[in-house]
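Okay, structure first, notes after.
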Amino acid sequence: MKPYVSFEQISQVFSRPDGSSLMALKDVSFDIGRHEFVAVVGPSGCGKSTLLRLLSGLLRPTRGQVTLFGQPVTEPRDEVGIVFQKPTLLPWLNALENVVFPVRHKTGRVSRADYERARELIEMVGLGDFCDRMPGELSGGMQQRLGIARALLLDPEVLLMDEPFSALDALSREEMGFELLRIWNERPKTVLFITHSITEAVLLSDRVLVMSERPGTLVENIEIDLPRPRTAASIQEERFHEYSSQIRDLIYRPHYAA
Amino acid sequence: MNTQVKSETLSTDRTMPPEHSLRSSVALLLSRQAPLLTLLSFLLAWEFGCRLGAVPEYLLPAPSVILAAFTDVEAVRWLGHLWSTLRVALLGFLISIAVSLPLAVGMVRSRYLSRTLYPALVVIQSTPIVAVAPLIIVILGTGDAPRILITCLISFFPIVVAATTGMMSTPPELIELSRSLKARPSREIWQIRLPYAVPHLFSGFKVAITLSIIGAVVAEFVAAEQGLGYFVQFSTSYFKIPQAFAGLFFLSAVSLVLFKLVQFVQKRLFPWSLSEPKQH
Ligand SMILES: Nc1ncnc2c1ncn2[C@@H]1O[C@H](COP(=O)(O)OP(=O)(O)OP(=O)(O)O)[C@@H](O)[C@H]1O
Ligand SMILES: [Mg+2]
């Protein structure tokens, strides 16, 4: 049986404006199981966002193949939802309209059931009272929650998150992490979660993929064997620190790992 | 010295006792009415400067003389001139919008169009319209049409630029969202790019509406028997300098009102576009 998601020997080469070419990913292979939560960490520019865009179907790999549900990814699919680094809500729509926006944008009309669903999702991310607020009136954390609700509207099987909490302060960042785990628990999904924060990666995921500097290769694949549900107490555990320092060593001294 | 002054203002700010509230409300009033007060003192200085210096009327008439010249002309005549200029300026402005938006959309959608059209637009923009205006009148005759065309030629460029930069400044994430939903390209324009361009568009409109007045006046300078521009030119050629100044001020006032009107429309229809949220 084919794996749920698989990257098979992916290489990605971009051409620069000056005509030279740039190798962003080199021979990257890994699988993701159904309802698995996988985090990707690595230095800036190592191709993390590129991985995500490959799986979303927005980008075709130069070499290799990405498959989803056993089929090659050739174009964007409804089963995939994306949460961006910045919430990028539409400033002229209120919270509710922002969350139903994917349906309006895709089909041109929004049914009562869609609104119903959007309200449920907004309730779930804890913003039930803010349906008719404009994005400008909401804090960064609230906006990002709406971004998550928007990504969940079409009930995607796979959730792609590109440094979704990096614009938040440390406190709301941690809170949002636990919030995400709660949502993931309520509606299990396959998650590919990109982050710069080692702590966040270990705290949230089942598995951490560590990448090297450009050209990005996969350095290590670390199973995080910590009990769920994870809480603030998980951070105190000794194994948590072992995982964190292992990853830190891999990122800062990549030549030892190779 | 400096620090002393600073700490003094700080301490008064912090305490804000009741006896200061009168003074501070006067200060508030002053700061609110600052533009008006500046204008008034400018007019006063002008008036007394003219009187004391005995400046001849044909060089620089005093404000009181200009006001007298203004009231000397009957209201109906003013309205006739106003209507003539306004009609051309507003029609030119609206047609500019109607032409510029599709052009901008085309240039955002297609690299080919933007590469071929943009240079052409820049050429049109950099041609001195005052030099072309007589030609246009010769070719198209003396009706409203050539005047509207002159107005359009002068006012469309800022709208095209505002619309294209506005649409191009849409966050790339939203374009990716649109693509990941496999939405129709027309929806990307209507539901994402154009609304995103609204703040830019209105800055463009504000420039364009004042340029429209200029366009209408230029056209009247070349050939007209009505209009505020014609009135100013006609008065000058008969050495009715106070009357020319009256026409000039009337023109500025019309420009200002139109500018404010654009601002008002933006505030009414797109209130969200005034307070830019931090996210972009
Ligand atoms: N469309 C593109 N055209 C050209 N080069 C690109 C393109 N997209 C990405 N790159 C380059 O590929 C490399 C990897 O980019 P990517 O955005 O995937 O990195 P990243 O790991 O997400 O970085 P960061 O942590 O800073 O977000 C970078 O050097 C980037 O400049
Ligand atoms: Mg990135």
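The values are calculated or read from the model by the stated rules, or taken from the named source; none is laboratory data. Worth saying up front: this structure is predicted, and the values here are computed from it rather than measured. Cβ coordinates were reconstructed from backbone atoms using ideal geometry, including for glycine residues, and neighbour counts include every protein chain displayed. In case anyone asks, the SASA skips ligands and DNA or RNA and just uses the protein heavy atoms, side chains included. Shrake-Rupley method; radii C 1.70, N 1.55, O 1.52, S 1.80 Å.
Mean separation of Cα pairs under 8 Å and 6+ residues apart, divided by the residue count of segment B:92-181: what relative contact order is that in percent? Show your work: numbers first, answer last.
Numbers: 57 pairs, mean separation 44.1, N = 90.
That works out to 49 percent.
Once you sort the root eigenvalues of the Cα gyration tensor of the protein assembly as shown as a ≥ b ≥ c, which label holds: rounded (a/c under 1.5), prolate (a/b larger than b/c) or oblate (the other case)? Verdict is prolate for the protein assembly as shown.
Pop out the Kirkwood hydrodynamic radius of segment B:199-280 from its pairwise C-alpha distances, inverse of mean 1/r, in Å to one decimal.
Numbers: mean 1/r = 0.0690 Å⁻¹.
By the Kirkwood definition, the hydrodynamic radius is 14.5 Å.
Please report, as a whole percent, how much of the solvent-accessible surface of chain B comes from carbon and sulfur atoms (probe radius 1.4 Å). Write out the running numbers ahead of the final one.
Values: 11440 of 16260 Å².
Taking all protein chains in place, chain B shows 70 percent carbon and sulfur surface.
Ignoring ligands, DNA and RNA, how do A:243, A:115 rank by accessible area with a 1.4 Å probe, largest first?
Ranked from most to least accessible, the order is A:115, A:243.
The mean number of partner chain beta-carbon atoms within 10 angstrom of a residue's beta-carbon across peptide A:137-148 is 1. Note on the protein assembly as shown: antiparallel DSSP beta bridges, both residues inside, total approximately 55 percent of the bridges counted. Over the whole of B:112-119, what's the average partner chain Cβ count within 10 Å per residue? Rounded to a whole number, please. The shielding value for this peptide is 0. Each Cα pair under 8 Å and six or more residues apart adds its sequence gap; the mean of these over the residue count of segment A:90-155 is a relative contact order of 48 percent.
Run through the DSSP bridge list for chain A and note the antiparallel percent, rounded to the nearest 5. Intermediate results must be reported in sequence, preceding the final value.
Details: 20 of 38 bridges.
Roughly 55 percent of the beta bridges in chain A run antiparallel, per DSSP.
Leaving ligands and nucleic acids aside, the A/B contact buries around 2300 square angstrom of accessible area in total at a 1.4 Å probe radius.
With the radius of gyration and the Kirkwood radius both derived from the Cα set of chain A, what is their ratio Rg to Rh?
Working: Rg = 18.6 Å, Rh = 19.1 Å.
When Rh is taken as the Kirkwood radius, the ratio is 0.97.
Given segment B:143-247, what whole percent of its Cα pairs are spread farther than 25 Å? Considering segment B:143-247, 46 percent of its Cα-Cα pairs are separated by more than 25 Å.
Classify chain B as rounded, prolate or oblate, taking a ≥ b ≥ c as the square roots of the eigenvalues of its Cα gyration tensor: rounded when a/c is under 1.5, otherwise prolate if a/b is larger than b/c and oblate if not. Note, shape of chain B comes out oblate.
Peptide A:78-89 has a mean of 3 when you count, residue by residue, the C-beta atoms of other protein chains within 10 Å of its C-beta.
Solvent-accessible surface of segment B:100-221, averaged per residue with a 1.4 angstrom probe and all protein chains in place: 44 square angstrom. Per residue, segment A:1-92 exposes 43 Å² of solvent-accessible protein surface, assessed with a 1.4 angstrom probe and all protein chains in place. Provide, as a two-decimal number, the C-alpha radius of gyration of segment A:90-155 over 2.2 N^0.38 Å, N being how many residues it has. Computed over Cα atoms of segment A:90-155, the ratio equals 0.98. Straight-line cross-link partners of residue B:267 among the aspartates and glutamates, defined as a Cα under 20 Å from its Cα and at least 8 positions apart when in the same chain: A:132, A:137, B:276. Taking the DSSP beta bridges with both ends in segment A:129-258, the antiparallel portion is around 50 percent.
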